[in-house]
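Below: the structure, in structure tokens.
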Amino acid sequence: MTKKLFSLLPCLPLILGGTLSAAPDQNTPNYDVVWDSPSANASGSMPIGNGDIGANVWVEPNGDLLLYISKSDAWGDNGRLLKVGKIRVTCDPAIFKPGDTFNQRLDLQQGCITITSNRPEQQTKLSVWIDANNPNIQIEQNSSQPLKMTAKLELWRTEKKAYPLGQVSDLQEKRSQKNKLAKEVIIEPDTIVPGLTNQVAWYHHNLKSDGFEMSNRLQGLSEYLKEDPILHRTFGGLITSPDGKRVNDTTLVIPPKTNSQLSVTLLTQQPSTPKQWLGKIQGMAQDIQKLTLDQRKKDHLTWWSSFWSRSWIHLATADTSPKRLSPVNQHPVKLGADQAGHNRFDGKVGRVSLIPHALPEDQIRQLAAAKQHTQRAQAKALVSVTNPPLGGTLEGISNKELTGSFTLETWIQAGAGTGRIIDNITPGGSDGFLLDTYPGKSLRLINGNSILKQKDCLTPGTWHHIAVRFDEKNAEIALYLDGKQVDQATLEQTNDARLVSQSYALQRFIDACAGRGKHPIKFNGSLFTVPFKGDPDYRRWGPGFWWQNTRLPYLSMYASGDFDLLQPLFKMYAEDCFQLNKFRTQKYLGHGGAFFSECTYFWGATFTQTYGWQPFEERKDKLQESGWHKWEWVAGPELVFMMLDYFDHTQDDEFLKQKILPLAYEVVQFFDQHYETNKQGELVMHPSMACETWWDCTNPMPEVAGLHAITQRLLSLPTNTLNNEHRAFYRKFQSKLAPLPIRQIGEKSALAPATRFASKRNVENPELYAVFPFRLCSFEKGNAALGLNALQHRWDKGTSGWRQDNLFMTYLGLREESRDYLVKRCKNYDKSCRFPAFWGPNYDWTPDQDHGGVMMKAVQSMIMQPDPYSRKIFLNPALPADWNCTFKLHAPYNTIIEGSIHKGKMKHLKVTPESRRKDILFVDA
């Protein structure tokens with residue numbers, strides 16, 4: 001492990017030879033997304049929103065502007081989160097024709113999409129924004145010539161229809177024909193309001209509620225859950241314009257003008273009748289129209305300006321030289337095995353050589369034609385070894401010699417299986433290169449994020465000449481077999497630091513567009529899903545909330561200062577579902593406390609399919625039938641941990657007393673009463689599971705680490721916060737907890753998924769929950785080696801979706817590995833979509849909010865890591881040394897830190913309040 005050097009920032013002025021000044025003004029780089037052509041369909045849309053209302057916006061090749069509209073509380077009668085509607089805006093003359101100059105820009109700073117087109121006789125601009133302070137979508141048109149606008153409502157829920165695309169969390173989801181309780185899912189149509197004067201209105205009214213009562217009756221919750229949150233819910237929209245004329249019930253026309261406006265007001269009411277809903281939304285639209293457009297726009301821009309000024313992160317490459325052809329790392333060049341000694345080559349290696357320049361192709365052909373597989377290379381090789389021992393290291397070279405132009409050449413006699421030939425990469429990573437025979441009898445080169453390959457090209461038992469040519473001048477990598485080029489790649493000359501900065505800004509924008517509604521952000525698409533198989537309402541995994549997925553978009557909101565966006569999460573879990581969880585714990589298990597299910601609907605019941613279709617009264621075991629989350633109870637400790645983070649940052653005493661302390665007591669009490677102690681007085685958590693991955697556990701790491709973490713933090717609260725009874729309870733409970741689980745890997749100790757673990761079913765890494773989220777093991781602590789060994793030997797690796805490898809790396813201080821995984825994550829957007837931050841589908845759905853949430857938290861934790869168990873704040877713990885950074889971030893105790901890091905050194909710093917400067921430690925790269 002590399003030794004970490006900490007420097008106290010009060011000493012930095014002496015080191016730098018001057019006084020630290022405040023960070024420069026943010027001077028926000030332009031991260032706007034700009035397109036120069038229309039899009040074919042909704043997959044080519046941009047997102048826009050105001051926190052509760054969202055829209056996918058695009059322009060079709062015929063010049064029509066289209067919007068798919070969403071709302072955070074548009075729950076249909078089957079408990080699915082539905083789109084509200086679709087609107088088409090047609091201009092006459094069309095705003096775009098072939099040959100016109102076209103520009104569509106997502107203006108992040110203004111929370112607005114602008115579309116401009118130019119032709120000699122006409123210049124047109126459309127602006128689309130969703131009022132940050134009112135439930136209203138605004139479309140403005142400005143043109144050099146009068147232009148007619150037609151707004152037409154296009155609905156797809158027009159008749160009753162059976163729904164075949166059921167998902168696991170749908171209320172009526174069933175996987176067996178034996179189930180007699182589940183009904184066929186029927187989609188009810190929307191209603192268009194007839195005969196309005198110069199207005200177009202539509203709504204979806206839940207006349208029925210299929211599944212709510214049934215699921216509660218199955219789960220024994222009917223006596224608690226009395227009020228149906230689905231029944232009589234009404235949601236929809238109203239289209240108006242100061243100059244609009246109704247053509248029919250779906251169409252509004254604005255006569256030709258050089259300037260015109262179109263408004264769409266949205267409303268959800270529950271309970272409500274259609275008549276009540278219509279009266280309410282018309283009154284809302286009138287109230288909004290009483291405000292001048294200029295004032296509303298000014299207030300809208302003020303909100304977005306305030307949002308972007310809360311915090312920022314801007315990254316830039318310190319080294320402006322051309323990007324290396326092969327990523328640099330500290331690994332040796334291994335022969336015949338990977339860096340861990342695995343994936344061994346089952347053939348023979350006759351010779352391997354490193355030549356310190358890009359060999360011309362004719363010389364590569366000569367080497368292959370010579371058939372001298374056990375003689376040293378004739379070219380001027382830096383190193384050339386014959387009959388090398390496999391599993392060893394290619395000596396005589398340094399990694400610096402692998403950064404420019406060079407050629408690797410070797411003779412091999414392949415076996416029938418897969419194995420490494422040459423390896424200079426972290427297993428599972430992309431921070432170097434490897435040459436192997438994957439799959440068997442094939443040839444593959446991985447270099448960074450590039451993969452070159454040739455399938456079924458090797459004959460076992462036959463000597464083959466292989467060469468890899470790294471050509472810095474032409475930024476090319478080529479793979480040769482027996483003197484012939486079989487594959488090549490041109491190095492992608494992207495600015496990785498800027499890519500990460502833009503990805504961070506775009507995801508934060510998406511969070512702001514969907515994070516101030518009535519319900520938490522949906523991890524599987526947020527408000528911005530696009531149609532799948534003709535269904536605009538489809539999202540994989542359905543309407544339910546999985547805690548492990550739902551929390552991930554929220555982890556970055558503390559450091560960004562977006563505390564308002566956290567409220568829907570806390571409201572649902574810590575308020576709306578809290579008392580139900582206490583009730584359920586007592587009824588199911590016969591003791592006190594509260595357990596939080598991994599899988600829940602927004603009102604608190606467990607997914608119908610997960611709980612099972614056998615009625616509660618007929619069961620001996622009252623818990624859910626599905627083994628996927630049966631004993632997974634980390635949601636409670638983790639929710640308490642996140643709420644304590646909120647208190648630490650805001651110092652909101654009322655939130656602490658009214659929300660955190662009551663919930664924390666019930667969460668800890670659940671574990672205390674549910675599990676027994678052994679003869680040594682240690683709490684034995686069995687049966688239990690470690691996330692979804694290990695199904696048969698004793699003392700799983702997530703729960704053990706989580707309970708250690710929250711009891712430690714609760715006991716560190718001021719003495720006047722906890723009463724003596726609760727303080728004594730936490731002390732006693734803490735003394736009963738098992739230590740963090742450890743396993744042996746050879747002679748090394750590493751964090752383990754549980755004290756005992758078996759039956760692996762998924763690909764999470766629960767052993768590393770001690771690193772993140774609970775930070776009981778991290779780079780600056782004495783037990784960091786336990787985390788590093790667990791990371792190195794984790795069963796599963798990945799850098800997409802809900803995988804937290806990025807965060808484990810940053811909290812263990814691994815700079816190059818963190819950069820490698822982060823850049824790869826930022827490049828992994830859904831290529832069927834046009835918007836570069838529509839991640840996915842990965843494990844879940846597009847746009848994947850877990851993917852973006854992990855990315856944002858990883859960027860922040862490269863730069864700043866507050867210690868939840870002290871007042872310390874670590875700066876620069878995992879930022880690559882060749883990345884510069886300007887930032888403004890929020891830390892505990894109402895602390896704001898603005899600064900810039902240049903070539904691994906702190907150049908500017910402003911700490912508010914100044915008294916917190918003494919708690920900041922700078923980590924030398």
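The values are calculated or read from the model by the stated rules, or taken from the named source; none is laboratory data. Note that the coordinates shown come from a computational prediction; the quantities given were computed from them, not determined experimentally. With ideal geometry, Cβ positions are generated from the backbone for all residues, glycine too; neighbour counts draw on all protein chains shown.
Looking across region 299-337, the residues that are polar (S, T, N, Q) and either in a loop (DSSP other than H, G, I, E, B) or without any contact (Cβ under 8 Å) to a residue 24 or more places away in the chain (or both) come down to Thr302, Ser306, Ser311, Thr320, Ser321, Ser326, Asn329, Gln330.
Tell me yes or no: at least one residue of region 539-556 is more than 30 Å from Leu623 (Cα to Cα) and in the same structural domain as Asp867 (by TED's automatic domain parsing). Give the steps one after another, and end with the answer.
Of all residues in region 539-556, those more than 30 Å from Leu623 (Cα to Cα) come to 556.
Filter once more, keeping what is in the same structural domain as Asp867 (by TED's automatic domain parsing): 556.
Among the residues of region 539-556, at least one is more than 30 Å from Leu623 (Cα to Cα) and in the same structural domain as Asp867 (by TED's automatic domain parsing), which makes the answer yes.
For every residue, the table says whether it meets (1) closer than 24 Å to Gln269 by Cα; (2) aliphatic (A, V, I, L, M); (3) in contact (Cβ under 8 Å) with a residue 40 or more places away in the chain; (4) surrounded by fewer than 20 Cβ atoms within 10 Å (Cβ to Cβ).
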position: Pro164; (1), (2), (3), (4): no, no, no, yes
position: Asn198; (1), (2), (3), (4): yes, no, yes, yes
position: Lys208; (1), (2), (3), (4): yes, no, yes, yes
position: Glu227; (1), (2), (3), (4): yes, no, no, yes
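Residues in region 69-86 that are surrounded by 20 or more Cβ atoms within 10 Å (Cβ to Cβ) and out of contact with any Gly (no Cβ under 8 Å at 6 or more places or on another chain): Ala74, Trp75, Gly76, Asp77, Leu81, Lys83. Return the residues of region 92-143 that are acidic (Asp, Glu) and over 22 Å from Tyr68 (Cβ atoms); say none if nothing qualifies. Matches in region 92-143: Asp92, Asp100, Glu121. Can you confirm whether Ser778 is within 28 Å of the chain's Cα centre (by Cα), more than 22 Å from Leu683 (Cα to Cα) and without any contact (Cβ under 8 Å) to a residue 60 or more places away in the chain? Judged against the criteria, Ser778 is not a match. Residues in region 67-81 that are assigned to a strand (DSSP E or B) and touching a Ser or Thr at 6+ places or on another chain (Cβ under 9 Å): Leu67, Tyr68, Ser70, Lys71, Ser72, Asp73, Ala74, Trp75, Leu81. Taking region 118-218 as the region of interest, the strands (runs of 3 or more DSSP E) fully inside it that hold 2 or more residues being among the polar types (S, T, N, Q) are 122-130, 136-153.
Does Ser263 fit the bill of being assigned to a loop (DSSP other than H, G, I, E, B), of a type outside the set (Val, Ile, Thr), surrounded by 20 or more Cβ atoms within 10 Å (Cβ to Cβ) and not assigned by TED's automatic domain parsing to the domain that holds Thr606?
Working: assigned to a loop (DSSP other than H, G, I, E, B): no; of a type outside the set (Val, Ile, Thr): yes; surrounded by 20 or more Cβ atoms within 10 Å (Cβ to Cβ): yes; not assigned by TED's automatic domain parsing to the domain that holds Thr606: yes.
Judged against the criteria, Ser263 is not a match.
Taken over region 437-466, the criterion of being within 32 Å of the chain's Cα centre (by Cα) and among the charged types (D, E, K, R) is satisfied by Arg444, Lys453. Does Asp672 meet the test of being of a type in the set (D, E, K, R) and touching a Ser or Thr at 6+ places or on another chain (Cβ under 7 Å)? Taking the combined requirement at face value, the residue does not satisfy it. Taking the listed residues Ser861, Ser778, the one that is over 30 Å from Ser169 (Cβ atoms), assigned to a helix (DSSP H, G or I) and either in contact with a helix residue (DSSP H, G or I) (Cβ under 9 Å, 6 or more places away or on another chain) or among the aromatic types (Phe, Trp, Tyr) (or both) is Ser861, with no other qualifying. Flag set for Ser144, criterion: of a type in the set (S, T, N, Q), farther than 28 Å from Trp303 by Cβ and in the same structural domain as Gln286 (by TED's automatic domain parsing). The residue list Ala94, Ala132 contains one member that is free of Cβ contacts under 8 Å to residues at least 40 places away in the same chain and not assigned by TED's automatic domain parsing to the domain that holds Leu527, which is Ala94. A single member of Thr895, Thr886, Thr912 is at pLDDT 95 or above, touching a helix residue (DSSP H, G or I) at 6+ places or on another chain (Cβ under 7 Å) and polar (S, T, N, Q), and it is Thr895.
Across region 101-139, the qualifying residues are those that are surrounded by fewer than 18 Cβ atoms within 10 Å (Cβ to Cβ) and acidic (Asp, Glu), and the one among them that is farthest from Lys298 (Cα to Cα) is Glu121.
Regarding Thr585, is this residue over 20 Å from Lys518 (Cα atoms) and touching a strand residue (DSSP E or B) at 6+ places or on another chain (Cβ under 9 Å)?
Answer is no for this residue.
Just one of the numbered conditions (1) in contact with a helix residue (DSSP H, G or I) (Cβ under 6 Å, 6 or more places away or on another chain); (2) among the polar types (S, T, N, Q); (3) surrounded by fewer than 20 Cβ atoms within 10 Å (Cβ to Cβ); (4) in contact (Cβ under 8 Å) with a residue 60 or more places away in the chain is not true of Thr608: (3). Whether a residue is assigned to a strand (DSSP E or B) and under 29 Å from Ala785 (Cα atoms) was assessed, and Ser749 passes this test. Looking only at residues of region 231-246 that are closer than 29 Å to Glu121 by Cα and more than 40 Å from the chain's Cα centre (by Cα), we find that the one that is surrounded by the most Cβ atoms within 10 Å (Cβ to Cβ) is Gly244.
When the test is whether a residue is within 35 Å of the chain's Cα centre (by Cα) and assigned by TED's automatic domain parsing to the domain that holds Asp52, Glu223 does not pass it.
Listed by position, the strands (runs of 3 or more DSSP E) enclosed by region 356-463 that each have at least 1 residues that are closer than 20 Å to Asn343 by Cα and assigned by TED's automatic domain parsing to the domain that holds Asn343 are 406-413, 420-424, 433-436, 443-447, 450-454.
Report yes if Ala340 is assigned to a loop (DSSP other than H, G, I, E, B), surrounded by 18 or more Cβ atoms within 10 Å (Cβ to Cβ) and of a type in the set (A, V, I, L, M), otherwise no. Can you show your working first?
Working: assigned to a loop (DSSP other than H, G, I, E, B): yes; surrounded by 18 or more Cβ atoms within 10 Å (Cβ to Cβ): no; of a type in the set (A, V, I, L, M): yes.
No; evaluated as a whole, the condition is false for this residue.
Identify all residues within region 669-709 that are among the aliphatic types (A, V, I, L, M) and touching a Leu at 6+ places or on another chain (Cβ under 7 Å); write none if there are none. Outline the logic, then answer.
Within region 669-709, the subset among the aliphatic types (A, V, I, L, M) is 683-685, 689-690, 701, 704-705, 707, 709.
The answer is Leu683, Met701, Val704, Ala705, Leu707, Ala709.
If you go through region 615-662 and keep only what is in contact with an Asp or Glu (Cβ under 9 Å, 6 or more places away or on another chain) and either free of Cβ contacts under 8 Å to residues at least 40 places away in the same chain or not in a loop (DSSP other than H, G, I, E, B) (or both), you end up with Arg619, Ala635, Gly636, Pro637, Tyr646, Phe647, Lys659. None of Leu171, Leu165, Leu155 is under 23 Å from Ser70 (Cβ atoms), at pLDDT below 85 and aliphatic (A, V, I, L, M) except Leu165.
Condition check ((1) of a type in the set (Lys, Arg); (2) touching a helix residue (DSSP H, G or I) at 6+ places or on another chain (Cβ under 7 Å); (3) at pLDDT below 85; (4) surrounded by 15 or more Cβ atoms within 10 Å (Cβ to Cβ)) across all residues:
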position	(1), (2), (3), (4)
Asp319	no, no, yes, no
Arg324	yes, no, yes, yes
Pro332	no, no, no, yes
Thr374	no, no, yes, no
